[in-house]
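Right, one structure below, let's go through it.
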Amino acid sequence: MTATSAEPNRPAAPSHPQRWLILGVICLAQLTVLLDNTVLNVAIPSLTRELDASTADVQWMINAYSLVQSGLLLTAGSSADRYGRKKMLIAGLALFGIGSLAAGLAQSSGQLIAARAGMGIGGALLMTTTLAVVVQIFDETERVKAIGIWSTVSSLGFAVGPLIGGVMLDHFRWGAIFLINIPVAVVGLAAVARLVPESKNPGGERPDLLGALLSTVGMAAVVYAIISGPEHGWASGRVLLSAFTGVAVLTGFVLWELHVPYPMLDMHFFRNERFVGAVAGAILVAFGMGGSLFLLTQQLQFVLGYGPLEAGLRTAPLALSVVALNLTGLGARLVPRLGTPVTIASGMGLLAAGLAAIALLGGDGYGGMLLGLVVMGAGIALAMPAMANAIMSAIPPEKAGVGAGVNGTLAECGNGLGVAVLGAVLNSRFSALVPSAVGAASLPAALASASGDGEGQRITDAFSSGLETSMLAGAAAVLAGGLLAAVLLRRAERGESARADQAAAAA
């Protein structure tokens, strides 16, 4: 992983004359990719009706995209460095567009899951190459501002998916939420081909194909165990075999990465406490956002009775809080004043408080949920800039792209695991409260099979209770992650300060 070590010694390249136009194109492609992490949430009722999708089917429709994407992010980044970032950006747009077409025309749950996995391949290429191109076309004086805009779009993409999905579903069939990606992909292809300059590192590292395969298979097996646990029993042979397979494959992945000459994931990064602390925070932020949005859109529609557009609008305060605070640069201004550990701990504490507010105050109405969403958005806007700064400052400049790829990979895993874990907690609580509904494939099916209004109310109350339990579990995980990140970052800072003092004394 030393092929790019000479790059910092080269003179800084001037900014591209059309850099802001290119940034706009890149942000549009980035936004589309990230929207597809959450846009499907508001379509869950439509999918359960029209495709006869079970809860596990819906979870796989969401996780197939994020897991494939996360498993391939590092390999995609390595391929872009070696074969050309512009080429990989074009390939990513093409694959994403084709996958979106297949998803929009899907006639069964299996077809949609397969199409989403294909979209994940294109998404991996886009996620890695967009940031690489931003770094390439801006000089050092404007790069921080450009990456700040790119990061804001990244946060926005996760949060506004339900709103965009609600608008589309209010006027069109559910497949429209995927077909809308096609014109974006076509425009992006034309703009990238015309505007984006090619760049590559001829001595770049070879793609670690076996590493990509092992990480994807291992993550898929672990998440399958989490999803199927409530349905088949946590001690069932199917769940235990899947969990054992996942852990074994991921262990093999770690061993492989430690010995392969060109690892997809350089395990030496994890010796740096600053990097580990920041990455732990990024995982838990994605965990809380992905899992909570997956569940909240169901609560809004199934229990509180809102339509898709109404549900999307009611999740918008999360996006508005993130965007408003990110654009003001609040997080970036607080880091020098409070320090990175305190800023990250404060942000994740707010995120945890928002999840707890939804759990305790949002079960019977929207008021408590609104409060929780705003507090969550404030926490994300506060923590994310500090975490990005900590990650990029913890690794050598010549490995910045690989470090960003690690962060993106683990954040995607956090999003998928958030859906799986919080969904599993909800399902377990629901099954314990309403054993008669355990055989139903989804909440709408359980309500349809209810013998009367009284049983229907008991089922919705059980779902609300499950939501409360899952949100509290998510809040505890996020808070613990924030404290862990702060402790590791504080220790890293003390170690760096001690080494600097020793070096000064020796001089």
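Read-outs throughout are calculated quantities, based only on the coordinates presented, and are distinct from any laboratory measurement. Small disclaimer: the values here were computed from a predicted structure and weren't measured. Quick reminder, even Gly has a Cβ in these numbers, built from the backbone with ideal geometry, and neighbours come from all protein chains shown.
Across region 284-386, how large is the tail of the calculated P(r) beyond 22 Å, expressed as a percent of all Cα pairs? Intermediate results must be reported in sequence, preceding the final value.
Details: 1523 of 5253 pairs.
Within region 284-386, distances greater than 22 Å cover 29 percent of Cα pairs.
Taking every pair of alpha-carbon atoms in region 273-335, give the share separated by more than 12 Å as a whole percent. Numbers along the way, then the final one.
Details: 1467 of 1953 pairs.
The proportion of pairs with Cα distances above 12 Å equals 75 percent.
Express in nm, to one decimal, how much length is gained between D501 and T251 on full extension, taking 0.36 nm for each residue of separation and deducting their alpha carbon distance. Each step should come with its number before you reach the end.
Values: separation 250, 0.36 × 250 = 90.00 nm, distance 3.87 nm.
Net length gain for the segment: 86.1 nm.
Hey, what D do you get for region 60-191 in µm²/s if you plug the Kirkwood alpha-carbon radius into Stokes-Einstein at 10 °C and 1.306 mPa s? Please report the intermediate quantities before stating the final value.
On the way: Rh = 15.6 Å.
D, rounded to a whole number, is 102 µm²/s.
Principal axis lengths of region 174-314 from Cα atoms, whole Å, largest first?
Largest first, region 174-314 extends 55, 55, 30 Å along its Cα principal axes.
Students often check this: by mean Cβ neighbours within 10 Å, which of 236-243, 269-276, 122-129 ranks highest, and how do the rest follow?
Ranking the peptides 236-243, 269-276, 122-129 by packing returns 122-129, 269-276, 236-243.
Of T55, Q18, A114, which is farthest along the charge dipole of region 18-125 in the positive direction, counting Lys and Arg as +1 and Asp and Glu as -1 at C-beta?
Farthest towards the positive end: Q18.
Using just the C-alpha positions of region 58-104 as equal point scatterers, what log10 of I(q)/I(0) does the Debye formula give at each q in 0.28 1/Å?
Listed by q, the Debye log ratios stand at -1.05.
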